[in-house]
1. Considering only 149, 171, 28, give the residue with the highest GNM mean-square fluctuation for the chain, with springs between Cα atoms whenever their separation is below 10 Å.
2. Given a cut-off of 24 Å, what percent of all Cα-Cα pairs of region 139-262 lie beyond it?
3. In degrees between 0 and 90, to the nearest 10, how far off the longest principal axis of the chain does helix 43-59 point, with axes built from Cα atoms?
4. Using the beta-carbon distance between residue 199 and residue 8 and R0 = 45 Å, what value does 1/(1 + (r/R0)^6) give for FRET efficiency, to the nearest 0.05?
5. Can you compute the helix-only [θ] at 222 nm over the chain? Use -39500 (n - 2.57) per DSSP H run of at least 4 residues, normalise by all residues, nearest 500 deg cm²/dmol.
6. Please work out the FRET efficiency for the pair residue 102 and residue 277, using the Cβ-Cβ distance as r and a Förster radius of 45 Å; give the result to the nearest 0.05.
7. Given a cut-off of 21 Å, what percent of all Cα-Cα pairs of region 8-111 lie beyond it?
8. Hey, how many Å between the Cα centroid of region 77-127 and the Cα centroid of region 192-222?
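Just so you know, all these numbers are worked out from the coordinates, no wet-lab data involved. None of the values given here were measured: they were computed from a predicted structure. In this analysis, Cβ positions are derived from the backbone assuming ideal geometry, glycine residues included, and neighbour counts consider all displayed protein chains.
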């Protein structure tokens, strides 16, 4: 029977550690402030923002909330980002993605001061990660590393296959796994013989946004499978990119959806907010 990697439990442990450290910082007169910007009324984004605010409240981070109308112009959003960049009391800036189509996401990401880029999306953050310099790491990949470490799953010398090459998960994930001395293969929509490659993985990380795409015949017996997907099945029930029921029977460890990777993303955002004190 596969070990179920409990992201809720691990994220709760991390948030408790952060809470204690923030208490100690407050005693020294240091405060962490996160500014969260939401444009429009995308229901999933509203849920994420609510969860981020709740996490801030729990760990003791002050959060500022900016909720802008769906027809906000790019200039208006960039003007707000500029104001937050110049506000010395703000440590971290998070602009919730996706943005409405009239706004260029890349321009907004680049406009955020790299020292306040707690999402880890700015080109300078990505560059620092790629050459092993200190900086912010994209929250979902950072959370996956913690899931593996705290579940005593070794990465050193292991074959890691990543399905998906997005800037938010796939690419930074590959760099973090290299940092842990894994041998990394990144696959994507143009990869030939995908099953042959995924079946060689000791650690398989899937982030493609395709409901239950990875079935038991894609995985090696005893492998660890990390499911980053957040999809809905034909009955509207939350599920991942991995067909949990079939894959669980053959692997050594697996993350569920929900309750696996998702809670870790917010825990690592809190960790990045704490890191902002050092980068300041």
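1. 28
2. Working: 1224 of 7626 pairs.
That tail contains 16 percent of the Cα-Cα pairs.
3. Once rounded, the angle reads 70 degrees.
4. Values: r = 30 Å, r/R0 = 0.66.
With R0 = 45 Å, the Cβ-Cβ based efficiency is 0.90.
5. Details: 10 runs with 116 residues, N = 280.
Result for the chain, helices only: -12500 deg cm²/dmol.
6. Working: r = 35 Å, r/R0 = 0.78.
Step by step, r from the Cβ atoms, then E = 0.80.
7. Details: 2221 of 5356 pairs.
Result for the distance tail: 41 percent.
8. 34
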